[in-house]
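Please treat every number below as a calculation from the coordinates, not as lab data. It should be emphasised that the depicted structure is a prediction, and the values quoted were computed from it without experimental measurement. FYI the Cβ positions are ideal-geometry reconstructions off the backbone, even for glycines, and counts take in every protein chain you see.
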Amino acid sequence: MSYITKPKVAYAGLNKNKLGLTIRNYEGGMSTLCAGCGHDSITAALIQACFELNIPPERAAKMSGIGCSSKTPAYFLNAAHGINAVHGRMPAIATGANAANRNLYYIGVSGDGDSLSIGLGPFAHSIRRNLNMLYIIENNGVYGLTKGQFSASADMGSTTPKGQLNQQPPIDPVLLALSLGGSFVARSFSGDKEQLVPLIKAGLTHKGFALLDVISPCVTFNDHQGSTKSYAYTRAHSHETIHTDFIPHADEIKVEYDEGAVVPVQLHDGSQILLRKVDPDYNPKDPGDAISYIQHHHEKGEIVTGLLYLDDNARDLHAVANTTDQPLTELSYDKLCPGAKALEDVFEAYR
Amino acid sequence: MNPTDTSNPDYFHKVVDCQWACPAHTDVPEYIRLIAQGRYTDAYMVNRESNVFPGILGRVCDRPCEPACRRGRVDEKPVAICRLKRVAADLCGEISQRLPTIPKKKNGKRVALIGAGCASLTVANDLLPLGYEIVMFEKLQQTGGLMRSNIPAFRLPPKVLDGEINIILDMGVDLRLGAPVTSLKELLTESYDAVFVGTGAPLGRNLEIPGRYDTDQIFVGIQWLESVAFGHTNSIGERVVVIGGGNTAMDCCRTSLRLGGKEVKVIARKPMDMLKASDWELEGAIEENVEMVTNHAPEEFIIENGKLTGVKFSEVEWYEDEDGRLRSKKLKDVVVPCDSVILAIGQENAFSFIERDIGLEFDNWDMPIVDKVTMQSTREGVFFGGDAAFGPLNIIWAVEHGHQAAISIHNYCQGIPVSDRPSYGMNLASTKMGIHEWSYSNDFDAITRRLVPHVSLNERFQNLNIEVELGFKAEQTVKEVERCLNCDMQTVFKANICIECDACVDVCPVSCLIIAKNGSEDELRLRLKTPALNKDQDIFVSETLPQTGKVMVKDENVCIHCGLCAERCPTGAWDMQKFTLNIPYATHSPCTKRKKIA
Ligand SMILES: Cc1cc2nc3c(=O)[nH]c(=O)nc-3n(C[C@H](O)[C@H](O)[C@H](O)COP(=O)(O)OP(=O)(O)OC[C@H]3O[C@@H](n4cnc5c(N)ncnc54)[C@H](O)[C@@H]3O)c2cc1C
Ligand SMILES: Cc1ncc(C[n+]2csc(CCOP(=O)(O)OP(=O)(O)O)c2C)c(N)n1
Ligand code: SF4
Ligand code: SF4
Ligand code: SF4
Ligand SMILES: [Mg+2]
């Protein structure tokens with residue numbers, strides 16, 4: 001909360017992107033989250049990524065459920081579309097929106113509570129369907145909005161500020177996505193924009209479901225000594241396995257790299273992602289290997305980060321359902337609703 | 001980079017651009033806040049402490065603070081600092097209670113001040129409360145120096161001058177009017193413990209070109225303005241040519257309009273963007289329909305049958321030669337018809353009363369050699385200040401010289417080396433009042449600079465003494481005060497409690513913060529989200545941060561002191577703290593510690 005809003009200062013020093021917009025054109029309302037909340041940092045990273053990708057703000061649609069994390073679409077891209085769904089139902093709403101207009105950038109922002117407790121079903125199915133969207137889980141291990149109860153992502157043995165133990169095993173959204181055939185699976189940390197911003201850009205450009213699990217400390221209820229999702233703990237235990245460089249398709253690719261250590265991936269729009277293996281043993285193209293690697297490191301108390309798995313050939317929902325290339329919102333009325341006769345013909349075909 | 005040393009008062013002082021630029025270091029944001037609260041008398045006293053003449057300076061100060069003002073970098077126009085100073089002076093209440101008490105029992109030291117201009121008056125102001133006996137010699141029958149004799153009454157009414165000068169005279173100056181000092185040597189034989197020379201630069205520069213002495217219609221600006229001010233001159237020809245392009249030229253042309261001039265031209269050698277006159281003085285003249293003619297070099301006064309009929313000029317073009325020096329090339333001759341000419345091409349010192357065998361050395365330009373810090377000449381016990389010290393400057397510099405000379409004189413009379421200077425101190429106090437509350441108005445107000453109303457062109461020429469500027473109305477004042485960015489509300493950082501959550505970096509509306517790996521200054525400047533290209537402004541680098549070993553970097557250039565960084569910081573690592581510069585004066589030095597200068 002703040003009594004004043006971030007002032008619009010007309011000052012010439014700010015850079016402009018290809019659309020002639022400054023980063024301030026990508027902002028939203030003033031955050032009402034607690035000062036220092038990791039979620040605000042992710043908001044800032046989203047703003048930066050959209051600015052750098054030259055996304056026209058009105059070509060984005062922001063989707064969220066309920067929670068502190070789900071409030072954040074109010075704080076970026078003021079000019080974008082947005083739907084704030086009921087608790088845990090953002091993936092369902094996003095699926096509908098995406099079905100109607102496939103030409104927008106879908107940015108889903110959810111929490112560990114919103115996606116892994118009440119919303120686990122819709123979340124899982126949106127991965128299976130390879131819905132074309134960026135899906136960010138702002139993961140703080142608690143229900144921040146309802147005052148810090150453990151969520152389904154809290155680690156065994158982590159404690160509340162007063163010392164109560166969490167005794168249930170966590171659901172790791174990254175492992176879940178890998179097991180469900182997710183085509184883009186990544187993990188990052190709100191306190192590391194150098195890693196986070198390229199991942200957001202890659203996720204927004206990826207055609208299909210891009211899951212980005214971002215450890216995002218809740219300064220108010222989960223940033224203490226016994227927490228495994230605090231700033232200090234995450235910094236001490238995170239382990240960047242794959243570093244991602246995002247190279248927009250307009251830029252000539254000049255980076256030189258050692259074949260074994262770097263996996264280049266060409267995206268559908270011509271952009272390129274360079275997956276730089278920090279750990280040479282890691283293979284970002286094999287979900288099975290990825291799962292055992294992540295589990296193994298988790299047992300050692302390490303949080304594996306980076307773009308952990310990428311399959312750019314997976315077909316998204318529209319491809320599987322064989323829908324028309326043109327967004328439904330742009331179809332003429334007679335095409336969209338061909339009338340009773342056409343319906344009759346469809347029924348006839350099944351008789 | 002090494003961590004920034006913010007314990008040196010200079011660091012935060014420099015952030016307060018206006019105060020840093022003011023020769024006397026007036027605490028501008030503090031008095032603007034006091035005006036905003038309607039505390040005009042308090043605002044006046046804050047001013048008076050450093051600049052001594054708030055009512056005068058609120059009208060005619062050269063205002064080096066305004067081009068320095070951060071607001072000018074944030075949205076083009078600086079805060080109307082000078083106009084606000086006038087508001088404080090115009091609405092100031094009774095201050096006699098707040099003036100220093102003058103001890104009945106004197107300290108036994110006598111100081112002679114030569115000249116009754118602002119420099120000498122400041123010395124008197126600073127020494128009288130310490131029990132000094134002050135004898136002030138003035139050649140003219142009036143006090144005030146050029147402020148009275150040259151700055152026209154339509155810019156600076158005598159009432160305002162008298163009010164502020166009398167405050168000082170009433171402290172007990174032994175004033176000798178009509179008493180020119182004709183021999184410094186002789187004065188030095190009298191029983192003075194120290195002498196201060198505040199005689200100004202009283203001569204106007206002459207222009208020796210053909211025809212100069214063949215008419216009585218060519219006047220030297222400085223002398224002419226003085227004779228107008230003292231009522232000896234009350235008319236001028238209808239067509240007037242003022243030669244020059246500085247502030248004196250502006251006063252001469254505007255004064256001519258009030259004495260019967262109908263067609264008044266200011267003609268200068270240099271192009272418009274190189275004229276010495278301040279923008280507001282130029283605007284003042286242009287508003288009164290004075291024609292500005294540039295790139296014209298005077299060649300000859302044309303006299304026909306003993307009567308001045310015009311001036312011949314060479315119209316010139318300027319270019320840079322190989323060495324980058326500016327040179328002019330003649331294009332053609334131009335004759336400008338006129339009835340009177342006023343020369344306003346410069347001001348010179350006159351030290352005929354100083355003998356050259358008294359151990360007081362002069363340089364090649366016949367200027368006394370004066371120490372820039374102590375204001376002492378090469379003869380011990382003789383000090384200089386104002387225009388007499390280093391040539392013509394302005395009122396606020398004369399005041400600052402006066403303060404420094406007073407410190408030196410006090411030292412000298414107490415047997416302390418004059419080079420022993422009391423140091424500047426500072427105070428920092430948190431302004432946090434609640435989770436989102438600060439004890440100052442931290443929100444940014446995007447309003448543009450207010451314009452001060454003027455007396456209409458119809459009315460203002462009716463007599464010589466109508467003050468043109470009316471001062472801000474209440475509605476303008478309340479808006480203009482909000483434009484001040486409160487640059488003295490400093491962002492103070494504690495590295496050890498920062499958890500590197502980036503909240504401050506993300507919220508800063510002008511992107512002037514980053515957390516980054518340390519590097520060289522040049523490189524850090526480029527790595528800021530908005531590159532810190534203004535090298536006149538410092539960048540702050542913190543101690544190493546605990547979690548990642550990076551550093552917090554802040555570009556001071558366009559910080560608007562909104563306090564959002566501190567408000568969004570969960571640990572209080574950033575705080576907004578009110579900075580107060582403790583300026584040493586002869587009367588009270590903030591620290592007993594004195595800094596020695598080489
Ligand atoms: C036309 C004009 C306009 C100006 N406008 C501005 C302006 O708008 N703002 C601004 O800040 N500055 C302005 N200035 C400059 C400013 O007036 C001077 O810088 C300032 O007055 C210098 O103060 P001073 O005390 O050093 O000397 P002065 O004001 O010159 O005072 C010196 C005094 O010493 C007296 N004196 C000289 N010799 C002797 C002697 N031998 N014995 C006794 N007395 C002596 C003189 O009569 C005079 O009274 C202007 C100057 C001019 C010429
Ligand atoms: C149907 C329904 N059940 C329960 C709630 C109460 N509720 C609000 S937010 C929330 C959890 C949010 O946790 P998370 O998604 O992790 O968001 P965070 O606040 O931690 O960012 C819950 C249970 C609700 N709003 N609606
Ligand atoms: S309660 Fe936690 S998650 Fe919610 S805004 Fe505050 S710090 Fe962020
Ligand atoms: S006060 Fe803080 S947030 Fe505001 S402009 Fe300055 S550095 Fe940025
Ligand atoms: S908001 Fe405070 S704790 Fe967070 S990075 Fe800034 S100074 Fe550090
Ligand atoms: Mg949560």
When residues of segment B:28-75 are limited to those that are in a helix (DSSP H, G or I), away from every other protein chain (no Cβ under 14 Å) and β-branched (Val, Ile, Thr), the one farthest from B:Asn534 (Cα to Cα): B:Thr41
Looking for whichever is of a type outside the set (A, V, I, L, M, F, W, C) and farther than 23 Å from A:Gly191 by Cβ here; the options are A:Gly148, A:Gly82, A:Gly111. Which one fits? A:Gly82
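A quick yes/no check of all residues on (1) over 13 Å from the mean Cα position of the chain (by Cα); (2) closer than 21 Å to B:Ala124 by Cβ:
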site: B:Pro29; (1), (2): yes, no
site: B:Ala43; (1), (2): yes, no
site: B:Arg48; (1), (2): yes, yes
site: B:Pro67; (1), (2): no, no
site: B:Asp75; (1), (2): yes, no
site: B:Cys82; (1), (2): no, no
site: B:Arg86; (1), (2): yes, no
When (1) within 14 Å of chain A (Cβ to nearest Cβ); (2) farther than 16 Å from B:Glu567 by Cβ; (3) crowded, with 23+ Cβ neighbours inside 10 Å are applied to B:Val505, the one that fails is (2)
So which of B:Ala398, B:Ala406, B:Ala429, B:Ala388 is touching a residue at least 24 places away in the same chain (Cβ under 8 Å) and not in a helix (DSSP H, G or I)? B:Ala429
In segment B:548-587, residues that are part of a loop (DSSP other than H, G, I, E, B), surrounded by 21 or more Cβ atoms within 10 Å (Cβ to Cβ) and either within 16 Å of ligand 3 (Cβ to nearest atom) or aliphatic (A, V, I, L, M) (or both) total 6
If you scan segment A:215-231, which residues turn out to be away from ligand 6 (no atom under 11 Å from the Cβ), within 8 Å of chain B (Cβ to nearest Cβ) and not β-branched (Val, Ile, Thr)? A:Asp223, A:Tyr231
Can you work out which of the residues in segment B:488-500 that are part of a loop (DSSP other than H, G, I, E, B) and touching a helix residue (DSSP H, G or I) at 6+ places or on another chain (Cβ under 6 Å) is nearest to ligand 6 (Cβ to nearest atom)? B:Ile499
More than 16 Å from ligand 3 (Cβ to nearest atom) and polar (S, T, N, Q): is that true of A:Asn139 in this structure? no
For B:Ile395, work out the one condition from (1) within 14 Å of chain A (Cβ to nearest Cβ); (2) in contact with an Asp or Glu (Cβ under 8 Å, 6 or more places away or on another chain) it doesn't fulfil. (1)
A:Ile200 being within 13 Å of ligand 2 (Cβ to nearest atom) and either over 11 Å from the mean Cα position of the chain (by Cα) or under 30 Å from A:Asp286 (Cα atoms) (or both): no
Restricted to segment B:370-408, and to residues that are over 23 Å from the mean Cα position of the chain (by Cα) and surrounded by fewer than 21 Cβ atoms within 10 Å (Cβ to Cβ), which residue is farthest from ligand 5 (Cβ to nearest atom)? B:Arg379
Among A:Leu46, A:Leu19, A:Leu14, which is more than 14 Å from chain B (Cβ to nearest Cβ) and either part of a loop (DSSP other than H, G, I, E, B) or within 15 Å of the chain's Cα centre (by Cα) (or both)? A:Leu19
Taking segment A:86-114 and keeping only residues that are crowded, with 23+ Cβ neighbours inside 10 Å and either hydrophobic (A, V, I, L, M, F, W, C) or touching a Ser or Thr at 6+ places or on another chain (Cβ under 9 Å) (or both), one is left with A:Gly88, A:Met90, A:Pro91, A:Ala94, A:Ile107, A:Gly108, A:Val109, A:Ser110, A:Gly111, A:Asp112, A:Gly113, A:Asp114
Per the filter on segment A:180-191, residues more than 12 Å from the chain's Cα centre (by Cα) and within 13 Å of A:Ser126 (Cα to Cα) are A:Leu180, A:Gly181, A:Gly182, A:Ser183
Within segment A:284-312, residues without any contact (Cβ under 8 Å) to a residue 24 or more places away in the chain and either among the small types (Gly, Ala, Ser) or within 26 Å of A:Ser126 (Cβ to Cβ) (or both) come out as A:Asp286, A:Gly288, A:Asp289, A:Ser292
Assigned to a helix (DSSP H, G or I), under 20 Å from the mean Cα position of the chain (by Cα) and in contact (Cβ under 8 Å) with a residue 40 or more places away in the chain: is that true of B:Thr248 in this structure? yes
Is it the case that segment B:115-135 has a residue that's assigned to a loop (DSSP other than H, G, I, E, B) and surrounded by fewer than 20 Cβ atoms within 10 Å (Cβ to Cβ)? yes
Looking only at segment B:251-270, and only at residues there that are farther than 18 Å from B:Gly346 by Cβ and of a type in the set (A, V, I, L, M), the one that is nearest to the chain's Cα centre (by Cα): B:Leu257
Name the single residue that is surrounded by the fewest Cβ atoms within 10 Å (Cβ to Cβ) among those in segment A:193-234 being of a type in the set (Asp, Glu) and out of contact with any strand residue (DSSP E or B) (no Cβ under 8 Å at 6 or more places or on another chain). A:Glu194
So for segment B:410-423 (the condition being of a type in the set (Phe, Trp, Tyr) and over 25 Å from B:Glu283 (Cβ atoms)), does at least one residue qualify? yes
Taking the conditions exactly as written (buried (at least 17 other Cβ atoms within 10 Å of the Cβ), within 14 Å of chain A (Cβ to nearest Cβ) and over 20 Å from B:Glu567 (Cα atoms)), does B:Lys529 satisfy them or not? yes
Options A:Ile83, A:Ile127, A:Ile118: the member that is buried (at least 21 other Cβ atoms within 10 Å of the Cβ), more than 14 Å from every other protein chain (Cβ to nearest Cβ), among the β-branched types (Val, Ile, Thr) and away from ligand 5 (no atom under 16 Å from the Cβ): A:Ile127
Of the numbered conditions (1) under 30 Å from B:Ser377 (Cβ atoms); (2) in contact (Cβ under 8 Å) with a residue 60 or more places away in the chain, B:Phe444 satisfies every one except a single condition; which is it? (1)
Answer yes or no as to whether A:Gly29 is within 30 Å of A:Val86 (Cβ to Cβ), in contact (Cβ under 8 Å) with a residue 40 or more places away in the chain and at the interface with chain B (Cβ under 8 Å from one of its Cβ atoms). no
Segment B:462-495, subset in contact with a Pro (Cβ under 6 Å, 6 or more places away or on another chain) and farther than 30 Å from A:Gly29 by Cβ, residue nearest to ligand 4 (Cβ to nearest atom): B:Asp488
